[in-house]
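The values are calculated or read from the model by the stated rules, or taken from the named source; none is laboratory data. Treat the numbers as computed from the prediction; the structure is a model and nothing was measured. No Cβ is skipped: glycine too gets one built from the backbone with ideal geometry, and neighbour counts run over all protein chains shown. Accessible surface areas use protein heavy atoms only, side chains included; no ligands, DNA or RNA. Shrake-Rupley method; radii C 1.70, N 1.55, O 1.52, S 1.80 Å.
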Amino acid sequence: MTAYEELLAFSKETAALSGVVETLGWDQETMMPRKAAEQRGDQFAALESVIHSRNIDPRVGEWLAKAEAPDAAGEAILREVQFNYDRSVKVPAALATEIARVTSVAQGKWVEARGEGDFKAFAPVLKEVVRLRREEGAALADSGDAYDALLEGYEPGTSSAQIAEIFDAMRPRLVALREKVLAQPEPAGVSGTFDPAIQLQLSEELAKTFGYDMERGRIDKAVHPFCAGHGFDVRITTRTNPADPFNCFYSTIHEVGHACYEQNVRDAYAGTPIGRGVSMGVHESQSRIYENQLGRSRAFTGYLFAKMRDAFGDFGIANEDDFYAAVNRVEKGYIRTEADELQYNLHIMMRFDLEMALIRGELEVDDLEAAWNERFEKDFGYPVDTVNNGVLQDVHWSAGLFGYFPTYALGNVYAGNIYSALRDAVPSLDDDLSKGDLSNASAWLGENLQQNGALYTPRETVAKACGFEPTAEPLLGYLETKFGGIYGL
């Protein structure tokens, strides 16, 4: 075999082991016995030790030096392997193993702390997670910024300074629009009790409507909705609330966006370093465009209104226009995952600043709850009522995912650009959505973005799909038009 062929075969084996880790993570969040957390942590640590040793195997460096790519896909594969190798060799094996063990345990501690509503019970293990991630960031940064080094792992080619510049441009217009909207009468919401079993039935129907292949996936319940896997095994989770069916439906549609990206990557790339989504920002662009620009559109909510009337009967909304306003209602709240499109990015901006401060040593875990509460009241204008609605609401920090949060807002920016291009390319979009027909939209997204996997860099992936370089303007214009219309501004 050539050096390229040997490298590719080795990389596929490593990817298969990483897939085992991902499936174990899915099991941990859905079906694993509660008392198995410590044992699962040991399993993660053992697997991470093997994977890390493969990632830093000297043969990888030797193969990279000799390998010649046979085509454009091969060049992208070498790019991705080089990126991963360069990062991996900087992180000591013992550190990588300990991170895997501690973050596994921490996720269980986070669930327990939420059950008790007690941040102090979670703080000790979070300190360990932060300490380890600071150490990892320092190792990756080569005397540079530790937070940027961690961010690079989720969004290659992007720095915290670039993210901050985007956020600084977005914040004034978002805040101004929110103030105008909240000054208007609030649309009525749904009323009644919504059977969780029926929610899950309709949730599965919606998943299929948006193109999720159930023969290569499944839907389960979890505390925090997520998507796991790639290729031929892509699983999603959702959650139910008897008083709020939108939580279930839009969590499902959101995760289906992630899942469809993974399911639609070219089969020829399966198991290779380009056989999955290129970055978390691009991934989030797919989940957000499915959930918001498509799923919360006036056209699709008309279709969903009829579905919900059939499933639940009268739920306090008289017509499609009122239902559209209810789905997109802007209101005071605490939970990022339940936030409306207008306020969602403000949640992300807050977390971005807090986690940067944690990694840079400017904020300590013992002060995190107070810092969260202070920042939330400053940004949103009212105090946090419970710790579960505050610092304990997200799973990300327990999982050690520092650098992940800003990619959510970057994904929204990308989605705004992609949606603009989609509307131009599919003139029948509104008519399709009103019938619950996502086939044309799904086909365009699959052909122009999803099938490419990591063939291109993140920004190239979006620019090629859109036909222009992405900026924040399409998203801001979309939000101002949409909410201006709903609230009569």
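Look at region 265-320 and say how many of its residues are hydroxyl-bearing (Ser, Thr, Tyr) and under 30 Å from Leu151 (Cβ atoms). Can you show your working first?
First, the residues of region 265-320 that are hydroxyl-bearing (Ser, Thr, Tyr): 269, 272, 279, 285, 287, 290, 297, 301, 303.
Filter again for under 30 Å from Leu151 (Cβ atoms), leaving 269, 272, 279, 285, 287, 290.
Within region 265-320, residues that are hydroxyl-bearing (Ser, Thr, Tyr) and under 30 Å from Leu151 (Cβ atoms) number 6.
Among Pro156, Pro92, which is open to solvent by less than 50 Å² (accessible area, probe 1.4 Å) and closer than 30 Å to Trp63 by Cβ?
Result of the check over Pro156, Pro92: Pro156.
I'm trying to understand the selection: among the residues of region 286-319, which are farther than 27 Å from Cys260 by Cβ, aliphatic (A, V, I, L, M) and open to solvent by less than 10 Å² (accessible area, probe 1.4 Å)?
Selection gives Ile317 alone.
Checking Ala318 against (1) under 28 Å from Gln201 (Cα atoms); (2) outside any helix (DSSP H, G or I); (3) in contact (Cβ under 8 Å) with a residue 24 or more places away in the chain, only one condition comes out false. Which one?
So the condition that Ala318 fails would be (3).
Thr252: touching a residue at least 40 places away in the same chain (Cβ under 8 Å) and in a helix (DSSP H, G or I), yes or no?
Criteria met by Thr252.
Quick one: which of Asp385, Asp394 is among the acidic types (Asp, Glu), touching a residue at least 24 places away in the same chain (Cβ under 8 Å) and touching a Lys or Arg at 6+ places or on another chain (Cβ under 7 Å)?
On the way: Asp385 fails: touching a Lys or Arg at 6+ places or on another chain (Cβ under 7 Å).
Checking each option against the conditions leaves just Asp394.
Any chance you could count how many residues in region 46-85 are part of a loop (DSSP other than H, G, I, E, B), free of Cβ contacts under 8 Å to residues at least 60 places away in the same chain and surrounded by fewer than 17 Cβ atoms within 10 Å (Cβ to Cβ)?
Counting residues in region 46-85 that are part of a loop (DSSP other than H, G, I, E, B), free of Cβ contacts under 8 Å to residues at least 60 places away in the same chain and surrounded by fewer than 17 Cβ atoms within 10 Å (Cβ to Cβ) gives 2.
So in region 420-433, with the set limited to residues that are out of contact with any Ser or Thr (no Cβ under 9 Å at 6 or more places or on another chain) and in contact (Cβ under 8 Å) with a residue 40 or more places away in the chain, which one is most open to solvent (accessible area, probe 1.4 Å)?
Asp431
Considering (1) out of contact with any helix residue (DSSP H, G or I) (no Cβ under 8 Å at 6 or more places or on another chain); (2) at positive phi, say which one Gly271 fails and leave the rest.
Evaluating Gly271 over (1) out of contact with any helix residue (DSSP H, G or I) (no Cβ under 8 Å at 6 or more places or on another chain); (2) at positive phi leaves (1) as the failure.
Could you check how many residues of region 364-389 are surrounded by fewer than 18 Cβ atoms within 10 Å (Cβ to Cβ) and either polar (S, T, N, Q) or not in a helix (DSSP H, G or I) (or both)?
8
Among the helices (runs of 4 or more DSSP H) contained in region 402-471, which hold 3 or more residues that are touching a helix residue (DSSP H, G or I) at 6+ places or on another chain (Cβ under 8 Å) and over 24 Å from Ala299 (Cβ atoms)?
Correct list: 406-425, 458-466.
So how many residues does region 56-95 have that are under 12 Å from Tyr4 (Cβ atoms) and polar (S, T, N, Q)?
0
In region 5-45, how many residues are among the small types (Gly, Ala, Ser) and open to solvent by 40 Å² or more (accessible area, probe 1.4 Å)?
Going through region 5-45 one residue at a time, the tally reaches 3.
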